[in-house]
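Peer 1: Okay, here's the structure, questions in a sec.
Read-outs throughout are calculated quantities, based only on the coordinates presented, and are distinct from any laboratory measurement. Predicted model only: the values in this text are computed from it and were never measured. Positions of Cβ are backbone-derived with ideal geometry, glycine not excepted, and every protein chain shown enters the neighbour counts.
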Amino acid sequence: MEVAVPSGADDAASGIVDSQTFLRQSLNPAGPPAGASAAAVEKLLSQMTLKEKIGQMPQLESAW
């Protein structure tokens with residue numbers, strides 16, 4: 001039995017798709033959308049004092 005494989009194009013009728021199409025259709029980024037995260041970060045930063053922000057800087061350096 002021989003199986004026909006689409007060459008460069010998806011065969012929608014048979015449900016066969018190439019790997020890139022499958023990944024685009026199947027994978028979603030984890031977590032909230034980037035815009036939601038950016039808004040939350042901006043809100044938190046606006047609530048922090050300068051002293052609190054400076055206190056975060058050594059934590060960033062030690063992670064490197």
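Peer 1: Under a plain spin-label model, where a point goes 7 Å from the Cα along Cα-to-Cβ, how far apart in nm are M48 and L23?
Peer 2: 3.4 nm
Peer 1: Continuing with the same structure: Mind listing the phi-derived Karplus ³J(HN,Hα) values for the stretch 38-51, rounded to whole Hz, using 6.51, -1.76 and 1.60 with θ = phi - 60°, and x for any glycine or proline?
Peer 2: 4, 5, 5, 5, 4, 5, 5, 4, 5, 8, 7, 7, 4, 4
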